[in-house]
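To start, the structure itself, in C-alpha cells.
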Amino acid sequence: MPPSNGNSKSLESWIWDAACSIRGAKDAPKYKDFILPLIFTKRLCDVFDDELNRIAEEIGSRKKAFQLAGADHKLVRFYLPIRPANPDDEVWSVIRRLSDKIGEKLTTHLREIAKVNPSLSGIIDRVDFNATTHGQRDLDDDRLSNLIEAISTKRLGLEDVEPDIIGKSYEYLIRKFAEGSGQSAGEFYTPPEVGLIMAKVMDAEPGMEVYDPCCGSGGLLIKCEIAMEEKMHLRSKKKYAPLKIFGQEYIADTWAMANMNMIIHDMEGEIEIGDTFKNPKFRKGGRLRTFDRVVANPMWNQKEYAEKDYDADELDRFPDGAGFPGKSSADWGWVQHLQASLNDQGRAAVVLDTGAASRGSGNAGTNKEKTVRQWFVDNDLIESVLYLPENLFYNTSAPGIVLFLNKAKPKNRRNQVLLVNASQIFTKGNPKNFISDDGIKQIAETLINWQEEEKLCRIVSHAELKKNDYNISPSRYIHTADAETYRPITEIVAELESIEVEARETDAELKKILTCIMK
C-alpha cells in the first residue's frame, strides 16, 4: 500500500518544506528553476510506476512491464528511460540513490527523459543541476541531495494525489516563489483570486479555444479549464470536451514552467515561446489566429515597444483610429492584440495598470493612450471594467484593473459599460492582501449579472464616458465611502509620467519642424 498523502494542505506544506530544504524559506525562490523541475520529475516517476504496476497486473511482473513499455512507449503517458537494478523498486529510487556527481548524473537522467519524450524537450532538460557561476556550483551536491531526500518523503502517483490536488500544490509553490521574487514575480504569476474571477466571467464552454498571449506559468489558462469543469459538474455532466488551450511566453524558464504546470494539472495545451508583441506564433492562413476566449496579464507599462513596432505589424492588430498608444506604456497595445485575437463571438479579460483606464483624460490637447481608449469605447468593445483592491500583486502594491471585452455584446448592454469598484473587497494579508472565496463569488456574480449596486458598481452610458473625456476608471464614478474618495497616488503619478513623456515627444517633433524651417 502506498503511503497516505493526506489532504491538499498537508501536500502544500510538504512541497514548501521540500523547497526550503536547500537554504530555508528566504532563499528558496532563488532556486525555483531547480526545485520545480525536480518535483515535476518526481510526479513523472511515480505516475510511470503506477502505469508499470497496471501493466504488471495483466502480464505477471514488473520486469516484463518494463520490457513491454520500452517496446511500445504509447502504453504509458511518458516513458522514462530510468530502470532500477531491481525492477520491483520504484523508478525514483534511481535518483534517490545517487551518491556522487549527483548534479551531473541527475542532469543526464533528465536529458535522457526529454530525448525519449519530445514534448518534454526544453522543459525538463533546460536546467543544468551541475551549473557553476564564477567557479562555484549554483546548487552543490549536498544541498541537492537534501532536496532529493525531502522530495522523496511523499509519493505523487495516480493513486496518491489527484491531478487537481497536485496541481493546486504546484501552484501554491509557484505563489510562494512569487512572494520572494520581487519585481520578477509579475513575469510568471497572477494572484489566483484575480485569475478565478476572470475565468468565471469568461464562462468558457467545453471544447472552446482559449488563448493567453503572455501566459507566464499558465495559471490563467488552467483556471479557465477548472472553472469550466466546475460548471459542468454542477450541470451533472460527466462527459464533455476539455478546453483547447493555447499560450505564448517570452521568457524561456517561464515557458518551461507553464508546460510543467499544465502537465502537473493533467491538462494538454499548446504553449509557444517568443515575443508575442513582435512575433505572435498563432497564425492561420497568413492571418492572426482567433479564439473564443482570451485572457492575459501582460507586464504593465512596457516601454520597449516603439511606434515602428506598431507600424511594422502586418496582422492588422492596430487599426486606424487606435494604433500606437505612446511609448510610455504598451498596455493598450496589448489590448489591441487581444481584440484582434478574438473571433466574432469572442470575449477577453486582461489585467492592466489602473492608469490605463484614465491617463490622458481631462488633459488639454491630445493623448495617444486616450485616443486608443476612445476607439474601444466608440466601437462598443468594452463590456466591463473591474477596479481591484490594493496590494494583491507580488511585483507592485498598485491595485490594477481588469478590462473585459466582448465582440458580441447583448443588445441590453450595448453603448454602456459596467464599472465595478471592488477596492474594499479584500482581506488583509501578509505579505499581500487577498480576496476571500466569498469576495471572489461576489465580484464574479456582479460582473456576470450586470446589475447596479450602490458603492460597488454602476452601468455607465457611452455618453457619460464621453462627457468625462473617456475616463473608464471605476474609481472615478463609484465612491466606496461616505467621505470624499481620492484617486490613488499611484494612478496620479503614472498619469503625470505619461504627460511628461508626451510633452518630451511633442518637443522633439517641434524641434524637427523648426530645424527644417530654419534650413
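Here the chain carries DSSP beta bridges of which approximately 50% are antiparallel, counting only pairs with both residues inside. Overall, the anisotropy analysis places the range 105-259 in the prolate class: the square-rooted eigenvalues a ≥ b ≥ c of its C-alpha gyration tensor yield a/c not less than 1.5, with a/b exceeding b/c.
Per-residue ellipticity at 222 nm, computed for the chain from helices alone with -39500 (n - 2.57) per DSSP H run of at least four residues, works out to -13000 deg cm²/dmol. List the relative contact order of the range 8-161 as a percent without decimals, with contacts defined as Cα pairs under 8 Å and 6+ residues apart. This gives 30 percent for the range 8-161.
In this label model, LYS115 and LYS308 are separated by 4.4 nm, measuring between points 7 Å along each Cα→Cβ vector.
Taking a point 7 Å from the Cα of LYS284 along the Cα-to-Cβ direction, the residues of the range 219-263 with backbone N closer than 17 Å to it are 243-248. Between the range 374-399 and the range 195-238, how far is it from one alpha carbon centroid to the other, in angstrom? Rounded to whole Å, the Cα centres lie 20 Å apart.
When the range 8-161 is described by a simple charge dipole with +1 on each Lys and Arg Cβ and -1 on each Asp and Glu Cβ, the residue from GLN67, THR107, LEU158 located farthest towards its positive end is THR107. Note that the chain shows a convex hull volume over its alpha carbon atoms of 184 Å³ per residue. Residue ranges 262-275, 63-76, 290-303 sort as 290-303, 262-275, 63-76 when ordered by packing (mean number of other C-beta atoms within 10 Å per residue, highest first). When restricted to Cα atoms, the range 23-80 yields an Rg and a Dmax of 16.0, 49 Å, respectively. For the listed peptides 349-356, 11-18, 53-60, a ranking on the average number of other beta carbons within 10 Å per residue, highest first, reads 349-356, 11-18, 53-60. For the pair the range 406-421 / the range 7-64, the C-alpha centres are spaced 46 Å from each other. Measure nothing fancy, just the Cα-based angle from helix 102-116's long axis to the longest principal axis of the chain, in degrees from 0 to 90, nearest 10. The angle comes out at about 80 degrees. Averaging Cα coordinates gives a centre for the range 313-351 and one for the range 424-449; these two points are 28 Å apart.
Rounded to the nearest 10 degrees, the inclination of helix 141-151 to the longest alpha-carbon principal axis of the chain is 90 degrees. Between ASN415 and ARG54, the simple label model (points 7 Å from Cα in the Cβ direction) yields a spacing of 5.8 nm. The alpha-carbon positions of the range 8-161 define a convex hull whose volume is 111 Å³ per residue.
When the alpha carbon gyration tensor of the range 206-358 is reduced to an equivalent ellipsoid, its three semi-axes come out at 28, 16, 15 angstrom, largest first. One decimal place: the segment ASP320-ASP253 gains 20.5 nm when fully extended, by the rule 0.36 nm per residue minus the C-alpha distance. Charges were assigned to the Cβ only: +1 to each Lys and Arg, -1 to each Asp and Glu. The resulting dipole of the range 417-474 about its Cα centre is roughly 220 debye. Peptides 372-379, 281-288 ranked from most to least packed give 372-379, 281-288, packing being the mean of other C-beta atoms within 10 angstrom over each peptide's residues.
Rounded to 0.05, the FRET efficiency of the LYS237 and HIS134 pair, given R0 = 56 Å and the Cβ-Cβ distance, is 0.45. Return the subset of LYS32/LYS105; LYS284/LYS409; LYS42/LYS176; LYS42/LYS115; LYS370/LYS411 for which the Cα-Cα distance in this structure is over 22 Å, preserving the input order. As for pairs spanning more than 22 Å Cα to Cα, those are LYS284/LYS409; LYS370/LYS411. Comparing PRO81, GLY180, VAL91 along the charge dipole axis of the chain, the residue lying farthest to the positive side is PRO81, per the Cβ-charge model. Rounded to the nearest 10 degrees, the angle from helix 368-378 to the longest Cα principal axis of the chain is 90 degrees.
Throughout, read-outs are computed from the coordinates displayed, never taken from laboratory work. Just so you know, these numbers come straight off a predicted model, no measurement behind them. Positions of Cβ are backbone-derived with ideal geometry, glycine not excepted, and every protein chain shown enters the neighbour counts.
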